[in-house]
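Read through the structure below, which is laid out as structure tokens, and then see the notes.
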Amino acid sequence: MATAAIDRMCHIWDIEHMQCLHRVIAHETAVNSISFNDANVFATGGDDASVRYFDMRNLVYSNIIYQTRNPILNVLWNSENPNNIAILTKNNSNAIIVDIRKPNEVQTTLPHNAQVNCAAWYPGKPGSNVLSTSSEDSISNIWEVQPEEVGFMNGV
């Protein structure tokens with residue numbers, strides 16, 4: 001388990017023994033979100049407008065896999081397709097999808113009429129690329145991420 005905080009830190013916990021295993025300076029400002037890919041790999045998003053990739057086997061280093069102008073509110077790793085991360089940013093009416101193999105080729109959902117506040121990957125079957133988004137416009141959309149297409153995704 002991991003926790004993130006406004007002090008720039010992420011804490012990795014051993015729940016069974018109720019102790020902190022690792023403390024990591026993850027961002028230059030507050031850390032708003034953390035999401036695990038597997039037992040060793042996780043991503044964080046922060047007020048410094050970056051998404052960072054960490055490997056527990058070497059926590060001295062991290063890679064910035066996405067950067068924008070707006071603070072990152074949420075990072076969601078797709079458990080069915082571990083190459084995809086959904087990113088929600090402040091004041092943005094789209095969800096951003098990053099394939100960690102090609103982080104410069106981002107996809108975005110078509111815009112809602114207001115800020116997207118939550119998203120979730122469909123945990124249906126291995127390789128699933130279905131994302132739902134909800135916004136302050138009181139609308140929920142379902143998107144199918146097409147792995148080879150870059151640009152706007154169409155709703156289902």
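Any read-out appearing in this document is the output of simple, stated calculations on the displayed coordinates, not a laboratory observation. Everything numeric here is computed off the predicted structure, so don't read it as measured data. Please note: Cβ atoms are built from the backbone with ideal geometry, for glycine as well, and neighbour counts cover all protein chains shown.
Using Cβ contacts closer than 10 Å as the measure, can you line up T68, T89 from fewest to most?
On the way: T68 16, T89 21.
Ranking T68, T89 by Cβ neighbours within 10 Å, fewest first, gives T68, T89.
In what sequence do I25, I100, I15 fall when counting other Cβ within 10 Å, fewest first?
Working: I25 12, I100 18, I15 7.
Lowest to highest Cβ neighbour count: I15, I25, I100.
Among rounded, prolate and oblate, which fits region 2-153 when a ≥ b ≥ c are the square roots of the eigenvalues of its C-alpha gyration tensor, a/c under 1.5 means rounded, and a/b larger than b/c means prolate?
Prolate, because a/c is 1.5 or more and a/b exceeds b/c.
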> When DSSP beta bridges are limited to those with both residues in the chain, what percentage is antiparallel, rounded to the nearest 5?
Replying inline: 95 percent
>> Given the options N92, T29, A119, identify the residue whose Cα lies farthest towards the positive end of the charge dipole of the chain (+1 on Cβ of Lys, Arg; -1 on Cβ of Asp, Glu).
In response: T29
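Taking a ≥ b ≥ c as the square roots of the eigenvalues of the Cα gyration tensor of region 81-132, is the shape rounded (a/c under 1.5), prolate (a/b larger than b/c) or oblate? Each step should come with its number before you reach the end.
Values: a/c = 2.52, a/b = 1.37, b/c = 1.84.
Here region 81-132 falls in the oblate category.
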> Suppose R0 equals 41 Å; then what is the FRET efficiency for V60 and I139 from their Cβ-Cβ distance, rounded to the nearest 0.05?
Replying inline: 0.40
> Using a simple charge model, +1 on the beta-carbon of Lys and Arg, -1 on the beta-carbon of Asp and Glu, nothing else, what dipole does the chain show about its Cα centre, in debye to the nearest 20?
Replying inline: 200 debye
